[in-house]
1. Sequence neighbours fewer than 8 away in the same chain don't count; with that in mind, list the lysines whose C-alpha is under 19 Å from Lys549.
2. Quick check: residue separation of Val10 and Leu471 times 0.36 nm, minus the Cα distance between them. What number comes out in nm?
3. Pairs to check: Lys21/Lys330; Lys132/Lys193; Lys100/Lys447; Lys100/Lys502; Lys393/Lys447. Give those whose C-alpha atoms are more than 32 Å from each other in this structure.
4. Using a 7 Å offset from Cα along Cα-Cβ at Cys343, what residues in the range 416-432 end up with backbone N under 15 Å from the label point?
5. Taking a cut-off of 16 Å between Cα atoms, list the aspartates and glutamates near Lys194, but don't count ones fewer than 8 places away on the same chain.
6. Going highest first, how would you order 238-251, 312-325 by mean Cβ packing within 10 Å?
7. Find, among the trypsin sites (Lys or Arg not before Pro) in the range 331-394, those assigned to loop by DSSP (not H, G, I, E, B) with at most 12 other beta-carbon atoms within 10 angstrom.
8. Name the residues whose placed amide hydrogens come within less than 5 Å of the amide hydrogen of Ile416, ignoring near sequence neighbours (fewer than 5 apart) on the same chain.
Amino acid sequence: MKEKLVPLRVILSYFLPHIKKYKWTFSIVFIGYGISNILGSVVKPLFYRNIMDVVVSAGENGATVTDEVIGLVKIIAGLILIQNIIHRVTDYAMVYSQSKIMKELANYSFAKLQNHSYQFFINNFQGSLVAKSRRFIRSFEVLQDNITFTFWKVILQLSGMFIVLFAVAPSVAKFFAIWSVLFICLMALLVNKKRKYDLRAAATESRTTGGLADAITGFLTIKMFSSIESEKKIFEGITDSEEKARRSSWNFNNLIMVIHSIVWLILEVVGLYLVVSSWIKGSVSPGTIMLVQAYFVTIGAIMWDLRSAVINSMRAISDASEMVEIFEQKPEILDSEDYEPCCIKSGKIVFDNISFTYGNKVPIFKDFNLIIESGQKVGLVGLSGSGKTTITKILLRFIDVAGGAVTIDGQNISKIKQNELRNTIAYVPQDPVLFHRSLKENIAYGKPDASDDEIFEVAQRANAHDFISRLPQGYGTFVGERGVKLSGGERQRIAIARAMLKNAPILILDEATSSLDSLSEKYVQEAFARLMESRTTIAIAHRLSTIRKMDRIIVLDGGVISEEGSHNELMEKKGAYHNLWAHQSDGFIS
């Protein structure tokens, strides 16, 4: 799979708005580190040159170290003190702005991910998304550190050194200028070639993270099917691709290091030859030889740092690129630009000639019509693929219809903001997902500002209060990732309490009792009866006993309503519903 190359300007466009908020702090950082670098790398060696010249002159006269040398040492000590004070103060400005921006980038990434549709999360590894988000945030830190501590330093130091060299050793300065231009062009060429290796390495790392997260999430299935060996082979195949991509990237780094060493050797040898030749001719002092050598040592160090910074920056850009691709994707489900205030109160639902198709497959619905009156309790039954769950996804706007309209209380749901629409619908799925938070927080998720009394009341109505009270920490008990510390029936009752607290006019039950034992189902059914009071309810069920008392049962077949009526009416017809019931005994598959 070929990785997409996101332009650098696009990546930076996601950083710049956050940087602008701290532009004054950024200015302090660049000015502070700039002054510190000039003092330490350009100005200070000049005084060392003067000391060398004074010492050489004193040696020729047989004199001792003069007050002039002591004065120069004091100046150097003062420069070191000033440099360190400026540097340390600037460190605090750097920490302040960088930590703030990284927090904002994390919040921005979270918000952008949440804007994507239900289908987006179905089609992407959750572990991969987490890894991409974290690398995007980290990439800003790497880029800022490299720009501030390496690129900015290189620009200032090379410029300052060139000015000084041009004044004291023109021949060396001219060669240094030519060398610098050639070095920068060569590095730019190599870096451009390296980016494709970094993109491939970043993509394979994301796939490895996603594969690992997928296997950890499905640990129970792996153990139940004794498929550890086969899963190991699958994962080894993924890591093999990652290793090859990583090795290619690292080997290209080695090539850059070899070229860098050769280029640096040319600078040091030729530069030293030129300055020594100038000294032989008497055009420079011995201290100038020391100055040039000190500059070359500094240049060697900063060029080595520059090589590492460029490599790390390219990797950071590649890491950010994956998340920026997601940012650039237009969410499948968008709020209407001319949205209307949500006016849903009673919950009358109308599907008016709707059409819907998943991708390029056979249409699920074509000119489909359905009216559910306010407060009516409707059960949806039918074979897998008949369209039951698709109806709930359409109603929640997890997907949009291709034709027709869905209205609630006469208001087209496509004209309502998604969040406002979903606030009017309580949804209890077959396998409720709880957050690794306390039971109290999970119940209050339906109403974050709920009082303790409200939480206790809905827990009692949902038949959850008794089992919660028996837990060591009661309502303060943490439930584990996805609520794994609770049984299926306990999770369902927490989900029901959460839905009760939300107090929405519309309720969707998506096969909410299909995986429960008889005792748990009894408790859950009692809770459902309380939850459905005065609410428009849509219940999807394979276990027909769970919807027997519904006001109306709709039988779907291939996206078409084949039968509808109460349980007794449908049994008398002896049609599709009767056949489904006949294959069950007391609501269970026989």
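1. Candidates past the 8-residue exclusion: Lys377, Lys388, Lys522, Lys573, Lys574.
2. 160.8 nm
3. Details: Lys21/Lys330 26 Å; Lys132/Lys193 23 Å; Lys100/Lys447 30 Å; Lys100/Lys502 34 Å; Lys393/Lys447 23 Å.
Too far apart for the 32 Å limit: Lys100/Lys502.
4. Backbone N within reach: 416-417.
5. Glu3, Asp319
6. Numbers: 238-251: 15.2, 312-325: 23.2.
Ranked by mean Cβ neighbours within 10 Å, highest first: 312-325, 238-251.
7. Values: sites: Lys345, Lys348, Lys361, Lys366, Lys377, Lys388, Lys393; in loops: Lys345, Lys348, Lys361.
Listed in order of number, the matching sites are Lys345, Lys361.
8. Glu340
Since every read-out is calculated from the coordinates, none of them should be taken as a lab result. All of these numbers come straight from a predicted model, not from anything done at the bench. Glycine also receives a Cβ, built like all others from the backbone with ideal geometry; neighbour counts cover every protein chain displayed.
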